[in-house]
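The values are calculated or read from the model by the stated rules, or taken from the named source; none is laboratory data. Nothing here was measured: the structure is a model prediction, and the numbers come from that model. Here Cβ is always computed from backbone atoms with ideal geometry, including for glycine, and neighbour counts include all displayed protein chains.
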């Protein structure tokens, strides 16, 4: 029977959903074109629900693999990406994809490295930080704040980021593997072969073998051997190749919740791309900045555009919040390439991608409330420091790589852009550095505990 | 973060308020320090650590003998293999 606290949680969960419904109707009442913003909002809610339910965090993919030898999230994100890559190829074939590859170069590796350090310190990646805020996590709130303002300051101060973009990053080639091998729009079969199979699924299988052999195999084979020994007459057992295949499959399906979340996230991300492209056709816009200009609203870039990826993205809309606040306070943020030339600084309530981030936070909050997992967690001074530094590092890394774990990795790889793997490898290197530090730090703290543990 | 001895062979690790990776990292390190058959009670409130700690125990062969959760706080009692 539900007690008072359960009723309160249900009340808050459905109040949040009701409030978002009212906000959605308000947007529609202002102008039907704002259904574009509302669509971002509700896809954000869907991501938030699934991220929280599946504990889906890209930081934990590398970090738990390195720190504690757990492969569940590493496997989960790869499954999500494999599913998404197939959907992306189909959407591209029918001109229903909003995806565009990013400039290919070492900046993706370097950005990933810096981002990887930040995500381990902050306790979550860019999307993980948002869903953890929905769980009431104070450290993630600090990380988000420093990511918001850190990025805005980083892209404007000194003008060096403009130089980096203009002279180095923008001139780099940008292509999908199918375009590189077969030219533009080569047909569904070739896109499935190049973008989905060669660029996404085969590298994933290679990484699964790596994760199995290097990390998971020892524990799994031990369990299989124990099971066999229990049923063997003389207690002697030998493991065979079929046991290895069983173990490999066990690694992939070990956490059903993560695997199911991965499949669903892949499907939702595909539907998101489809919905945004259809809305662009419906309203006759290539970018939401065109709609804002037509309505006489401010904040569009010199090109008449605002940040409007048309798919799942996290960090640029956060940078825009920081840029918008600082701009209002008198710091000219529109005189740089990042905001002034391409992404603009619309008011937050007219910023389409930002509503997606808002949706992620509240979607995760609803799921956490329904699952009795919402709890406000005030950060200690130690965690506040890690959150602060983690947010700064993640923000810098995301700007250098032109995206985070979602925009520079998940979306890019699944869309057929090989550069996404550079970001992923960079994230792994950064995670390795930060995990070593965390290992040293936690050992130091455990030693400081005044307890008598009899060490074996 | 606090580690205390509740009784002979039973320890408690309290990592409430800690986010990833701390709860799973401290769990792993504390399990490394206690004896086979000892019990470690881990108290945490970071939901994503739930899956990671379970996966860690499965991998190492430790048995989670009890799982409780209330109001966002989780208590796992783990018997070291």
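Brief remarks follow.
- Across the stretch A:95-109, the number of residues qualifying as assigned to a helix (DSSP H, G or I) and under 17 Å from residue A:271 (Cα atoms) comes to 0.
- Residues of the stretch A:61-94 satisfying the condition of being without any contact (Cβ under 8 Å) to a residue 12 or more places away in the chain and away from chain B (no Cβ under 14 Å): A:94
- Applying the set (1) part of a helix (DSSP H, G or I); (2) at pLDDT below 95; (3) at negative phi to residue A:161 leaves exactly one unmet item: (2).
Quick grid of which residues meet (1) part of a helix (DSSP H, G or I); (2) surrounded by 18 or more Cβ atoms within 10 Å (Cβ to Cβ):
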residue	(1), (2)
A:222	yes, no
A:239	no, no
A:245	yes, no
A:259	yes, yes
A:265	yes, yes
A:271	yes, no
A:277	yes, yes
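- When A:389, A:432, A:446 are checked against the criterion of being more than 30 Å from residue A:91 (Cα to Cα), touching a strand residue (DSSP E or B) at 6+ places or on another chain (Cβ under 9 Å), within 14 Å of chain B (Cβ to nearest Cβ) and not in a loop (DSSP other than H, G, I, E, B), a single residue qualifies: A:446.
- Of the strands (runs of 3 or more DSSP E) contained entirely in chain B, those carrying at least 3 residues that are out of contact with any helix residue (DSSP H, G or I) (no Cβ under 6 Å at 6 or more places or on another chain) and at the interface with chain A (Cβ under 8 Å from one of its Cβ atoms) fall at B:2-7.
- Qualifying residue in the stretch A:418-426 (condition: modelled with pLDDT of 90 or more and outside any helix (DSSP H, G or I)): yes
- Test result for residue A:26, at pLDDT 95 or above and within 18 Å of residue A:364 (Cα to Cα): no
- Qualifying residue in the stretch A:299-312 (condition: closer than 27 Å to residue A:412 by Cβ, modelled with pLDDT of 95 or more, outside any loop (DSSP other than H, G, I, E, B) and in contact with a helix residue (DSSP H, G or I) (Cβ under 6 Å, 6 or more places away or on another chain)): no
- Selected residue (criterion: nearest to the other protein chains (Cβ to nearest Cβ)) from residues of the stretch A:342-373 that are within 21 Å of the chain's Cα centre (by Cα) and farther than 30 Å from residue A:161 by Cβ: A:368
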